[in-house]
Amino acid sequence: MTAVPTITAGEAAEVREAVTSRVASAAEVPADFFAWGRLRALGVKSAWSLVDQGLTALTGFCVTFLLARWLAPEIYGAYAIAFAGYLFVSGLHNVIVLEPLSVIGPSRHARRLNEYFRSQMAVHGVLVVTCAVGVICMAVLVRLVAPTSALSGAIAGSGVALPFLLSLFLARRMGYVRQRPVTAAVGSGCCLMLALLGLYVLRQFGWVSPFSVFVLVGAASLAGSCVILRELGVGSFREARVSGESIAWTSTLRESWTYGRWLVGSTILYSVSGQVQTFLAAAFLGLGAAGILRAMLLPASVMTQVVTAAGLLVLPGFSYDFGQGLVVRMRQKAMILSGALCGSGICFSLILWAVTGRAEHLLFGGKYAVYAWLMPMLSLVPAVNGLTMGFSMALRASQRPHLDLLANAIAAPIAVASALSFIHWWGLAGAAASMVTGFAAYMGVNCWAFSATGGLELKSEFGSDGAAR
């Protein structure tokens, strides 16, 4: 399945016009991207990207491990289930808003990014409010079915906080599109400081619960997003109406859906691969088991954030290279990125294996000592994701998202089948093994797809010199 998705003549003409207008600048791009100046600039941006992603990861890290220390396993398990649901909605938001922002923004709206950003903010508002209402309705339903369960409050908190949590991701992605990861880092740092201060207050007054923590982090995320938008100078919707330069949000939604429609199904299947183990552990082993699994996944989630940071940084650049017809260079970058991330993930896993006991005691004070051996097993997940990250970003930037759908369509059934079997045989160890198995299947298909599209430069709408064919 390597055929290019069908595009209309109008879309092709629009892309050709955008590329033709930049042929002169493309001709000035050095052929050797290993030049010291280019590597130094990329290194600085990569460093700030890692700082930003590290701050975001640290926010989640602090919330996760503090709740794991403070709450009973059953209540923490309710938080884990609600958080898994939030990750599912976050994935949909990513493919409908964030990824089109990174891919379409630099290639089609490079000269009017602020107007495009405002239009995507409107799309974001419509999507997250709709999803938040659905999540809150689900919380009401759970409350009616199980009045004494802590799950309803946790789900309600995630629904209330959802629009604000995702607003920070939107603002940070705008910073990446502008190639200003330092601005994204400022917003993430603001969110972290407010979240830590709020957690201290909640702890002092005895108000710690999944609901209150979701609301707290949502408010901190909103503050961080406002800082980023102000630094980027995106401006207000009123300013756009006065200047007459606004882009209709419905037009942006159609454009984003044209790109992201392949990835919606892919995201649903990807969420199945990565989250079904949590739900099945809760169903078969109890809410406490879901909480333990989530706690042991904490070190791996930090490394996953690093892998994601690299992907976020390179996606706009990959998209620009593809738009200019520099496909060979894009593929070279993808192979270097995947190799480096996979190697880093393997090193992280080995180090964690060597210090498992001390890491668990540092994080949880011995509360989960019996299950500490799950941490290095789960750390194989970011290693596998690292190997596929460069290949996956290259395929998405080349506007072949249907290949990602294929990878997830194969990986999801494998994850479900392995989860059902492994949890029955090995309990929580089976849930961890199933996570690694599902992501390994996804990685394998992505590597095959990247290899199978080796002649991508011949199938592109543009020649290697950046001119339209």
Near pairs, Cβ below 8 angstrom, 6+ apart or cross-chain, from segment 287-311 (within 30 Å of Val103 (Cα to Cα)) to any residue that is at pLDDT below 90 and charged (D, E, K, R): Ala309/Asp52
Which residues, counting only those in segment 366-409, are open to solvent by 10 Å² or more (accessible area, probe 1.4 Å), closer than 21 Å to Thr304 by Cβ and free of Cβ contacts under 8 Å to residues at least 40 places away in the same chain? Trp373
Do any residues in segment 184-203 that are within 19 Å of Gly54 (Cβ to Cβ) have Cβ atoms under 7 Å from those of residues that are basic (Lys, Arg) and in a helix (DSSP H, G or I), where the two are at least six apart or on different chains, and which pairs are they? Ala184/Arg172; Gly187/Arg172; Ser188/Arg172
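From Val95, Val142, Val89, grab the single residue that is surrounded by 16 or more Cβ atoms within 10 Å (Cβ to Cβ), touching a Cys at 6+ places or on another chain (Cβ under 6 Å) and part of a helix (DSSP H, G or I). Full working, then the answer.
Numbers: Val95 fails: touching a Cys at 6+ places or on another chain (Cβ under 6 Å); Val142 fails: touching a Cys at 6+ places or on another chain (Cβ under 6 Å).
Among Val95, Val142, Val89, only Val89 is surrounded by 16 or more Cβ atoms within 10 Å (Cβ to Cβ), touching a Cys at 6+ places or on another chain (Cβ under 6 Å) and part of a helix (DSSP H, G or I).
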Say whether the condition of being open to solvent by 50 Å² or more (accessible area, probe 1.4 Å), at positive phi and out of contact with any Phe, Trp or Tyr (no Cβ under 7 Å at 6 or more places or on another chain) is met by at least one residue in segment 194-216. yes
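Considering every residue within segment 145-158, establish whether at least one is polar (S, T, N, Q) and either over 18 Å from Ile75 (Cβ atoms) or touching a Lys or Arg at 6+ places or on another chain (Cβ under 7 Å) (or both). Let's see the steps before the verdict.
Let us first name the residues in segment 145-158 that are polar (S, T, N, Q), namely 148-149, 152, 158.
Subset that is either over 18 Å from Ile75 (Cβ atoms) or touching a Lys or Arg at 6+ places or on another chain (Cβ under 7 Å) (or both): 152.
The answer is yes, given that some residue of segment 145-158 is polar (S, T, N, Q) and either over 18 Å from Ile75 (Cβ atoms) or touching a Lys or Arg at 6+ places or on another chain (Cβ under 7 Å) (or both).
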For Gly235, work out the one condition from (1) at pLDDT 95 or above; (2) out of contact with any Gly (no Cβ under 9 Å at 6 or more places or on another chain) it doesn't fulfil. (1)
Members of segment 282-302 that are over 12 Å from Gly77 (Cα atoms) and open to solvent by 40 Å² or more (accessible area, probe 1.4 Å): Phe284, Val302
Look through segment 342-365, keep the residues that are more than 20 Å from Leu58 (Cα to Cα) and of a type in the set (Gly, Ala, Ser), and return whichever of them is most open to solvent (accessible area, probe 1.4 Å). Ala354
Which numbered condition trips up Val314, out of (1) over 20 Å from Gly60 (Cα atoms); (2) in a loop (DSSP other than H, G, I, E, B); (3) open to solvent by 10 Å² or more (accessible area, probe 1.4 Å)? (2)
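The values are calculated or read from the model by the stated rules, or taken from the named source; none is laboratory data. Everything quoted here is computed from the prediction, not taken from an experiment. Note that each Cβ is placed from the backbone with ideal geometry, even for glycine, and that neighbours are counted across all protein chains shown. Note: areas computed on protein heavy atoms with side chains; ligands, DNA, RNA excluded. Shrake-Rupley method; radii C 1.70, N 1.55, O 1.52, S 1.80 Å.
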